[in-house]
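Okay, so here's the structure we're looking at.
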Protein chains: 2
Amino acid sequence: MTSDDAAERQPSAGHQIAEAIRELILDGKLTVDQRLPGEQDLATRFGVSRPTVREALKRLAAQNLIRTRRGATGGNFVNRPTWSGAHDQLVATATLLMTMAPMPAETVAEARLSLLGACMPMAAERRGPEHLRAMRDEVARQRVADISDEDFCASDVRFHRVLVEATDNPLIAFQMAGVVEAIQPLLNMITYRERDRTRIADWNERLCDRLEARDVEGALAELSASADHTAQLAARAQEMRAAGGSGS
Amino acid sequence: MTSDDAAERQPSAGHQIAEAIRELILDGKLTVDQRLPGEQDLATRFGVSRPTVREALKRLAAQNLIRTRRGATGGNFVNRPTWSGAHDQLVATATLLMTMAPMPAETVAEARLSLLGACMPMAAERRGPEHLRAMRDEVARQRVADISDEDFCASDVRFHRVLVEATDNPLIAFQMAGVVEAIQPLLNMITYRERDRTRIADWNERLCDRLEARDVEGALAELSASADHTAQLAARAQEMRAAGGSGS
DNA sequence: CAGAATCAAATTGTCAAACAATTGATTGTT
DNA sequence: AACAATCAATTGTTTGACAATTTGATTCTG
């Protein structure tokens, strides 16, 4: 049974201990906010030294499973998973993947269109005035002539963030985090090099109008139109790159 | 400049070093498969001791950003982000959130319906015979009378895994991982306690039929119907819990 | 000369003991 | 009773050493 582990690779003690504690947390043996035994205590329990235990604890801390406090009442405590923490982690993972594992722009655009489209019915039904206002604010910001590329991208991300929050379903907002925070910037990267930012702002504004009218079909049409445009730009960019990218 | 850090909280040296190296990787200063300097080397560069550097490296290892090998040509190397690695990380995050941050079953069911629904057009268009066969295999497994709850749930997860893979868009499959691997089991948890597994299998089978016929509307209808049923069960379960949960 | 066994070197893994820094609790003082 | 100084517990960090593992060069043998 254990031959697999032994044959392949022997995980380090730190890794094993981290896994063991992780199991305890996931199985509910250690409840939220509960304090773990002290590092020295853990060291003797697991039969290793304190630095080894510390490596294991730092692994868990990197995964946001525990937090550490110094001082008299300090120690290592089980973290309560939070939406924002999980959100950040998902964004980090998705961003890394987008940055370092390039893929066809069509694939990216399609994923954005499909998943964002799934949010439209709920967003149209439940959007409140505050959502419309926030989105229109961003559109206004996007229309400023001398806005930097960076600011434009950030504004577009905020726009979409509000859009998914308008669904009033935190689970969907969480699931969409990868799309909003990683995919959308990637598409903006292609797009605003082509100086079509005005068109994007136009689409965003029309999307606001449709949501204000609670017009799901119209909103989907706007989304689809903008996706088509993005796909064309992506195709052109790829073409240019393939033909004579060094031209300019 | 440094007053911010001092005023708020002083992150540990290990944390700072991990962040610094992480930045280097994300900014492309360290390319994939590149070897980091040795631990002793890093220690002197950052002006800390070797165990401190090791804690930082273990943090990065926990995030799958680097891998470590012992021996003469060993060291710490930058990892190439992989779909499966990112997938696993996303699933871990989503599962943790589902397990330890309970939420209304309606919210969960709605998220599943919306996001899975977004996959249907592509799945219907691009599903191959191998997808249909794999899904029908799972349905057959679900119809076995004395299947364990655990096996049924695992089979249902595999069914949905194939479903999202049928979209032939790896980014969507990645984004849907949370839904398939964390949300679906949670709903099964509610559902198969009510012994409606036959009905689930029926729905899954009809879904296969619709996808075989490339009938998007029909597939969405089946999905919607099963979601309604799940919502009812969830409401009943919640009712029972609220009324006299200790009855039985 | 070719190949195999052996040894050396480089690197991470682990340990031990100690000191520093931080923070809450305690105790003493006014 | 209020407040300040001290204390104790705990994590953060350092130093130094040795063990385990892997690779590559070296040396021995046929």
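The values are calculated or read from the model by the stated rules, or taken from the named source; none is laboratory data. Quick caveat, the model's predicted, so the values are computed rather than measured. We place every Cβ from the backbone using ideal geometry, glycine too, and count neighbours over all the protein chains shown.
Residue-by-condition table, conditions (1) more than 26 Å from A:Gly178 (Cα to Cα); (2) surrounded by fewer than 18 Cβ atoms within 10 Å (Cβ to Cβ); (3) in contact (Cβ under 8 Å) with a residue 40 or more places away in the chain; (4) more than 12 Å from DNA strand C (Cβ to nearest atom):
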residue	(1), (2), (3), (4)
A:Val32	yes, yes, yes, yes
A:Asp41	yes, yes, no, yes
A:Glu55	yes, no, yes, no
A:Gly74	yes, yes, no, no
A:Pro81	no, no, no, yes
A:Gln89	no, no, no, yes
Residues that are within 14 Å of another protein chain (Cβ to nearest Cβ), among the β-branched types (Val, Ile, Thr) and out of contact with any Pro (no Cβ under 6 Å at 6 or more places or on another chain): find the helices (runs of 4 or more DSSP H) completely inside the range B:75-160 holding 1 or more of those. B:83-100, B:105-126
Just one of (1) surrounded by 16 or more Cβ atoms within 10 Å (Cβ to Cβ); (2) in a helix (DSSP H, G or I); (3) without any contact (Cβ under 8 Å) to a residue 60 or more places away in the chain trips up B:Asp168, so point out which. (2)
Within the range A:216-230, which residues are of a type outside the set (Asp, Glu) and surrounded by 18 or more Cβ atoms within 10 Å (Cβ to Cβ)? A:Ala219, A:Leu220, A:Leu223, A:Ser226, A:Ala227, A:Thr230
Restricting attention to the range A:8-29, which residues are among the charged types (D, E, K, R) and either within 14 Å of DNA strand D (Cβ to nearest atom) or in a loop (DSSP other than H, G, I, E, B) (or both)? A:Glu8, A:Arg9, A:Asp27, A:Lys29
Could you please find all residues in the range B:121-144 being in contact (Cβ under 8 Å) with a residue 24 or more places away in the chain, of a type outside the set (A, V, I, L, M) and in contact with a helix residue (DSSP H, G or I) (Cβ under 7 Å, 6 or more places away or on another chain)? B:Pro121, B:Arg127, B:His131, B:Arg136, B:Glu138, B:Gln142, B:Arg143
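Could you tell me which of the residues B:Glu130, B:Glu110, B:Glu106 is more than 16 Å from DNA strand D (Cβ to nearest atom) and modelled with pLDDT of 95 or more? Can you show your working first?
Details: B:Glu110 fails: modelled with pLDDT of 95 or more; B:Glu106 fails: modelled with pLDDT of 95 or more.
Every option except B:Glu130 fails the conditions.
Just checking, how many residues over the range B:105-140 are among the basic types (Lys, Arg) and crowded, with 20+ Cβ neighbours inside 10 Å?
Of all residues in the range B:105-140, those among the basic types (Lys, Arg) come to B:112, B:126-127, B:133, B:136.
Adding the requirement that they be crowded, with 20+ Cβ neighbours inside 10 Å leaves B:112, B:127.
Residues that pass the stated criteria total 2.
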Looking at A:Ala154, A:Ala182 in this structure, which one is modelled with pLDDT of 90 or more, in the same structural domain as A:Gly117 (by TED's automatic domain parsing), surrounded by 18 or more Cβ atoms within 10 Å (Cβ to Cβ) and among the aliphatic types (A, V, I, L, M)? A:Ala182
State all residues of the range B:1-30 that are buried (at least 20 other Cβ atoms within 10 Å of the Cβ), modelled with pLDDT under 95 and among the hydrophobic types (A, V, I, L, M, F, W, C); if no residue qualifies, say none. B:Ile25
Right, B:Glu222: free of Cβ contacts under 8 Å to residues at least 40 places away in the same chain and touching a Leu at 6+ places or on another chain (Cβ under 6 Å) or not? yes
Output the number of the condition that B:Arg67 fails; it satisfies all remaining conditions of (1) surrounded by 15 or more Cβ atoms within 10 Å (Cβ to Cβ); (2) free of Cβ contacts under 8 Å to residues at least 40 places away in the same chain; (3) within 16 Å of DNA strand D (Cβ to nearest atom); (4) within 30 Å of A:Asp27 (Cα to Cα). (1)
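Here are some residues: A:Ala227, A:Ala219, A:Ala231. Which one is more than 19 Å from A:Ala134 (Cβ to Cβ) and either modelled with pLDDT of 85 or more or acidic (Asp, Glu) (or both)?
Working: A:Ala219 fails: more than 19 Å from A:Ala134 (Cβ to Cβ); A:Ala231 fails: either modelled with pLDDT of 85 or more or acidic (Asp, Glu) (or both).
A:Ala227 is the lone residue from the list that is more than 19 Å from A:Ala134 (Cβ to Cβ) and either modelled with pLDDT of 85 or more or acidic (Asp, Glu) (or both).
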Screening B:Leu60, B:Leu36 for residues that are at pLDDT 95 or above and more than 10 Å from every other protein chain (Cβ to nearest Cβ) leaves only B:Leu36
Could you say which residue among B:Val53, B:Val48, B:Val78 is away from DNA strand D (no atom under 15 Å from the Cβ) and not charged (D, E, K, R)? B:Val78
